[in-house]
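Asks: My structure is below; once you've seen it, I'll send some questions.
The values are calculated or read from the model by the stated rules, or taken from the named source; none is laboratory data. The structure presented is a predicted model; accordingly, all values stated were derived computationally and were not measured. With ideal geometry, Cβ positions are generated from the backbone for all residues, glycine too; neighbour counts draw on all protein chains shown.
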Amino acid sequence: MGVISSLHRKGIGHQLLEMAKQVCQIEGIPFLQVKTVEAGHYPEYDLTNAFYQAEGFEPVEVFLGLWDPCNRCQQYILWLAKR
């Protein structure tokens, strides 16, 4: 999922996420997972990380070599069902 930067801060990402959560709940999928570039390297990805955390995603792991050494991958998870 991605939103063009000129449309950030207009609620579009939140609406897309809400729709994805509804589909997952209907299908019985217990969680959503996302991956983005780890915070602290690029300002635009710092905003992405902040968005996911504000939406309730929890950091799980940073993968050092999944993409390349300059783009460390941050994994987040959002539980939709009771654990």
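Residue-by-condition table, conditions (1) surrounded by 11 or more Cβ atoms within 10 Å (Cβ to Cβ); (2) at pLDDT below 90; (3) under 18 Å from residue 71 (Cα atoms); (4) touching a Cys at 6+ places or on another chain (Cβ under 7 Å):
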site	(1), (2), (3), (4)
2	no, yes, yes, no
8	yes, yes, no, no
16	yes, no, no, no
20	yes, no, no, no
26	no, no, no, no
35	yes, no, yes, yes
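Asks: Looking at region 62-83, which of its residues are aliphatic (A, V, I, L, M), touching a residue at least 40 places away in the same chain (Cβ under 8 Å) and either outside any loop (DSSP other than H, G, I, E, B) or farther than 22 Å from residue 30 by Cα (or both)? Working first, answer last.
Replies: Initial filter on region 62-83 (aliphatic (A, V, I, L, M)): 62, 64, 66, 77-78, 80-81.
Filter once more, so that each one left must be touching a residue at least 40 places away in the same chain (Cβ under 8 Å): 77-78, 80-81.
Across region 62-83, the qualifying residues are 77, 78.
Asks: From (1) closer than 18 Å to residue 75 by Cα; (2) among the charged types (D, E, K, R); (3) over 14 Å from the mean Cα position of the chain (by Cα), pick out the condition that doesn't hold for residue 44.
Replies: (3)
Asks: Right, here's the next one. If a residue has to be of a type in the set (A, V, I, L, M) and loosely packed, with under 12 Cβ neighbours inside 10 Å to count, how many in region 67-83 make the cut?
Replies: 1
Asks: Still on this structure, please answer the following. Collect the residues in region 37-57 that are part of a helix (DSSP H, G or I) and surrounded by fewer than 16 Cβ atoms within 10 Å (Cβ to Cβ), keeping them in residue-number order.
Replies: As a first pass, look at region 37-57 and keep what is part of a helix (DSSP H, G or I): 43-54.
Correct list: 43, 44, 46, 47, 50, 53, 54.
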